Amino acid sequence: MRNITFEWHRKAQHRIKLVPIPDSELTEISPSDQSEPLCPLPTMDDECFREFLDERIVSALDALEPAFRETIMLSVSSGLNYREIAEVLGCPVGTVMSRMSRARRALRERLGVLAQSQRWVREGRS
Amino acid sequence: MTCSETREYLFAFLDSELDAPLSIELQRHVERCHDCAREIEIERAVKRQLSTRLETQSAEYVLDEAALMRAMMSERPSRSWVIQRLWWASSPLRHSRRAGLLAAAAIMIVATSLWVIGPRSHADRSGERFTVLVVRDFEHFLEEGQELQITSADPGVVTDWLRARTKLDMALPLSKAPAFQLVGGRKCKIDGQAAAFAVFEIDGQPASLVCVADDDWNLAGMTREALVHKPGEGVVADVEDAGPTYWLDSDKGYTVVAWKQDGMIYAAVSMLSREKLLSLTTGALHEGD
């Protein structure tokens, strides 16, 4: 018995090789992820869901400052990348990135309350 | 990568703008974090619907020679939206990506440099004929689908907006005639000078009204006439030369009717007859016609 155990440990040293993981590869999962699962998100085949998104998109676009609306239109509708949009608008790529981010967040804010009440996202994450 | 970092990089990731190492890190995080995976799922749905919305809007109103006419004559609720969007439908970006980039960049550079230079004194102006300048401006609006910055049928609302933006002491004409409808306005520049630009619909046809400070413009080629409106006869020359004075001209098939009022010069431009255009100034008189 002692020999069998010793042999298993000896072989295990060859089978299992511990490799240190660099910090950059570590991923930190928020504690909330461990709680009860989220409700499934409707698919884009669901007409009600599409209409819900569309309504909020239209109102968010209308409320956006022209510069932000212009940026998101150049990206989504024309398919230009950030560098190309920066060329067109004559601004740094960083400005395009921040405008895109702000425009998208404005869209997202319109979805926020319902997304939480439907448990599509957790509270505090919308 | 943490959840907050994932949210920070989320949009760049969805637009394929994130560096490869960060992109791999983000994907690795999302494989393990259901909450962040859901964020991406939602943002992808929003992006897809946004794309559908914008493409539908552009495809509905592809600009051709008659697009503005059609837009003008379309149903009232959708018209403002159509006009606001025409600039995009006509944008070369939709047809040729590279050519569009160059064209758009050129336009932006010119527009920006004009803005930076600011208003010039009349001594710096090109001296081009006033008719040519206002017709060119109207053509640009029709053909390039420039965006109206305010859309309203209320002359008071549009006047207030234009006065605030252009600092011009101007006023749009008032009329209750059903065939005479204000669509909206925008701030612009005529030969480097701040100008108010309004768009009207008269009998279903578009017309622009440009207003600039009366500052030694080149009115060469314009015929000066005193005109009055007589019931049953329309607009006729005032033989006693006592009626309001107008400067009349035409260029490239467009009719131009200009008049001066309170230190401003107003110029109406359209394919309409001069009689119809004069209804901009005497709209109330035409209500019974």
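The values are calculated or read from the model by the stated rules, or taken from the named source; none is laboratory data. The structure displayed is predicted, hence computed values, not measured ones. All Cβ positions, even for glycine, are placed from backbone atoms using ideal geometry, and neighbour counts span all protein chains on display. When the accessible area is computed, the model is the full protein with side chains, heavy atoms only, and any ligands, DNA or RNA have been set aside. Shrake-Rupley method; radii C 1.70, N 1.55, O 1.52, S 1.80 Å.
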Worksheet item: Within the stretch A:84-102, can you find the residues that are out of contact with any Phe, Trp or Tyr (no Cβ under 7 Å at 6 or more places or on another chain), free of Cβ contacts under 8 Å to residues at least 12 places away in the same chain and either more than 9 Å from chain B (Cβ to nearest Cβ) or open to solvent by less than 60 Å² (accessible area, probe 1.4 Å) (or both)?
Response: A:E84, A:A86, A:C91, A:P92, A:G94, A:T95, A:S98
Discussion item. Tell me yes or no: at least one residue of the stretch A:91-104 is farther than 18 Å from B:L50 by Cα and at pLDDT below 80.
Written reply: no
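From the list B:V135, B:V158, which residue is at pLDDT 85 or above, touching an Asp or Glu at 6+ places or on another chain (Cβ under 6 Å), open to solvent by less than 50 Å² (accessible area, probe 1.4 Å) and not in a strand (DSSP E or B)?
Answer to the selection: B:V135.
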Response to the item:
Scanning the stretch A:35-51 for residues that are within 15 Å of A:R110 (Cβ to Cβ) and at the interface with chain B (Cβ under 9 Å from one of its Cβ atoms), the one surrounded by the fewest Cβ atoms within 10 Å (Cβ to Cβ) turns out to be A:F49
Worksheet item: Can you name the residue in the stretch B:44-53 that is crowded, with 16+ Cβ neighbours inside 10 Å and at the interface with chain A (Cβ under 7 Å from one of its Cβ atoms) and is also nearest to A:L64 (Cα to Cα) among such residues?
Response: B:L50
Discussion item. Can you pull out every residue in the stretch B:6-29 that is open to solvent by less than 30 Å² (accessible area, probe 1.4 Å) and more than 20 Å from A:R99 (Cβ to Cβ)?
Written reply: B:T6, B:S23, B:L26, B:H29
Worksheet entry | Within the stretch A:113-126, considering residues that are open to solvent by 50 Å² or more (accessible area, probe 1.4 Å) and in contact with a Lys or Arg (Cβ under 8 Å, 6 or more places away or on another chain), the one modelled with the highest pLDDT | A:Q116
Worksheet item: In the stretch B:255-267, what residues are in contact with a helix residue (DSSP H, G or I) (Cβ under 6 Å, 6 or more places away or on another chain) and open to solvent by less than 20 Å² (accessible area, probe 1.4 Å)?
Response: B:V256, B:V257, B:A267
Worksheet item: In the stretch B:30-43, which residue that is of a type in the set (A, V, I, L, M, F, W, C) and part of a helix (DSSP H, G or I) is surrounded by the most Cβ atoms within 10 Å (Cβ to Cβ)?
Response: B:C36
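Quick grid of which residues meet (1) out of contact with any His (no Cβ under 8 Å at 6 or more places or on another chain); (2) at pLDDT below 90; (3) open to solvent by 50 Å² or more (accessible area, probe 1.4 Å); (4) closer than 21 Å to B:R129 by Cβ:
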{"position": "B:L182", "(1), (2), (3), (4)": "yes, yes, no, no"}
{"position": "B:F200", "(1), (2), (3), (4)": "yes, yes, no, no"}
{"position": "B:G204", "(1), (2), (3), (4)": "yes, yes, no, no"}
{"position": "B:V212", "(1), (2), (3), (4)": "yes, no, no, yes"}
{"position": "B:T223", "(1), (2), (3), (4)": "yes, yes, yes, yes"}
{"position": "B:D238", "(1), (2), (3), (4)": "yes, yes, no, no"}
{"position": "B:T281", "(1), (2), (3), (4)": "yes, yes, no, no"}
Discussion item. Looking only at residues that are more than 8 Å from every other protein chain (Cβ to nearest Cβ) and closer than 19 Å to A:R105 by Cβ in the stretch B:17-29, which one is nearest to the chain's Cα centre (by Cα)?
Written reply: B:L18
Discussion item. I'd like the full set of residues that are more than 7 Å from chain B (Cβ to nearest Cβ) and in a loop (DSSP other than H, G, I, E, B), limited to the stretch A:52-79.
Written reply: A:L64, A:E65, A:G79
Discussion item. I'm trying to understand the selection: among the residues of the stretch B:161-202, which are polar (S, T, N, Q) and not in a strand (DSSP E or B)?
Written reply: B:T166, B:S175
Item to complete: Quick one: which residue in A:R110, A:R105 is touching a helix residue (DSSP H, G or I) at 6+ places or on another chain (Cβ under 9 Å), of a type in the set (D, E, K, R), open to solvent by 10 Å² or more (accessible area, probe 1.4 Å) and more than 9 Å from chain B (Cβ to nearest Cβ)?
Response: A:R110
